[in-house]
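All remarks here apply to the structure that follows.
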Amino acid sequence: MRRTAQRVWFLIPPRTGMLNIAGPWEVLGHANEILGRTAYELEAFGTAAPATPTRHGLMLAGLQPLPEEVPTPPDMVILAGASAQEPVPEDHAPFVTWLERHHAGIRRIVSICTGALLLARAGLLDGRRATTHWLHLPLFRSRYPKVKVVDEGIFVQDGPMWTSAGVTAGIDLALALVEEDHGHAVAMQVAKRMVLFLRRSGNQAQFSEALRRQEKAPPRLREVAGFIVEHIHEAMPVDRIAAEVGMSPRTLSRWCREHLDGSPAEVVRRIRVDEARRLLTETDLPLKEVTVRSGLGDTSTFWRVFTQDLGVTPTEYRQRFAKLS
């Protein structure tokens with residue numbers, strides 16, 4: 001449990017999304033109030049003067065200039081994402097240069113949304129796991145092959161580096177920081193005060209797994225996904241799937257790994273979990289019936305697989321995301 005105050009510097013490039021700044025700032029500010037002391041000393045820095053424009057036009061005045069010299073590094077830097085352009089826009093380059101010069105003494109370096117691309121440009125993510133907003137994952141992967149890009153999570157920690165999908169995911173990442181520093185109870189109090197029913201774990205998917213993977217798959221593999229969905233509650237050995245689409249089991253396995261990032265069994269599991277998510281949010285079926293309809297075995301297996309994949313229990317997921325009135 002951390003007792004000393006942490007100096008936290010927000011680095012804010014022009015045209016960043018407001019929630020990339022305000023979400024984490026509010027989390028850390030509420031933590032200060034709940035703890036009854038200044039656990040996080042918050043400061044904001046930029047390069048635009050006299051005011052920094054945000055993505056949708058609001059101007060931020062009063063940001064401190066990005067310091068050229070840093071005699072005493074902050075404990076944590078939070079870099080708000082603003083652009084996925086390549087090459088890096090001229091007015092974002094100073095942040096890359098600053099990070100290259102000063103990162104060594106900083107205990108935690110956090111990026112929100114496309115801030116991860118600036119960290120990667122500075123070389124800070126080489127050999128590390130990282131993520132960004134799903135729209136920019138292909139660019140992230142192609143431009144920075146030394147980064148181990150994670151598609152699924154809303155935030156990822158690798159050593160001192162924390163990266164997130166951005167927007168509301170920055171709130172979840174900040175709550176995880178509070179939990180690491182001050183415990184689960186404090187993080188949950190912050191979430192409650194911010195009217196967040198559930199704090200999502202880092203491996204919560206950014207959006208529908210089945211949809212994302214089917215969009216770019218070859219037509220024959222889209223047939224595979226369709227067949228699995230139609231027969232989701234039935235046994236699904238690889239031989240059966242291969243026969244349905246006219247492939248050998250070996251070819252099917254190779255295609256699945258190349259295009260769907262997993263074995264046929266892993267693809268089946270992901271589609272079943274996605275169907276379970278849909279049933280939990282769009283119906284009021286009891287968990288036992290959701291288990292049967294999604295083909296995830298008995299209730300204990302369903303509970304284990306769902307929690308392992310999404311980081312929350314089926315009950316918590318339904319409470320947070322249910323669409324029923």
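The values are calculated or read from the model by the stated rules, or taken from the named source; none is laboratory data. This structure is a prediction, so every number in the text was calculated from the model and none was measured. Heads up, the Cβs are rebuilt from the backbone with ideal geometry, glycines too, and the neighbour counts pull from every protein chain shown.
Listed values, structure above:
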item	result
Residues (in contact with a Ser or Thr (Cβ under 9 Å, 6 or more places away or on another chain), buried (at least 16 other Cβ atoms within 10 Å of the Cβ) and at pLDDT 90 or above) located in the range 294-316	302, 303, 306, 314
Some residue of the range 68-83 being surrounded by fewer than 22 Cβ atoms within 10 Å (Cβ to Cβ), more than 22 Å from the chain's Cα centre (by Cα), assigned to a strand (DSSP E or B) and outside the structural domain of residue 270 (by TED's automatic domain parsing)	no
Neighbours by Cβ (under 6 Å, 6+ apart or cross-chain): first from the range 6-25, over 17 Å from residue 165 (Cα atoms) and in contact (Cβ under 8 Å) with a residue 24 or more places away in the chain; second part of a strand (DSSP E or B) and of a type in the set (D, E, K, R)	7/41; 9/43
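For every residue, the table says whether it meets (1) under 23 Å from residue 151 (Cα atoms); (2) more than 18 Å from the chain's Cα centre (by Cα); (3) charged (D, E, K, R).
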| site | (1), (2), (3) |
| --- | --- |
| 285 | no, yes, no |
| 288 | no, yes, yes |
| 294 | no, yes, no |
| 297 | no, yes, no |
| 308 | yes, no, no |
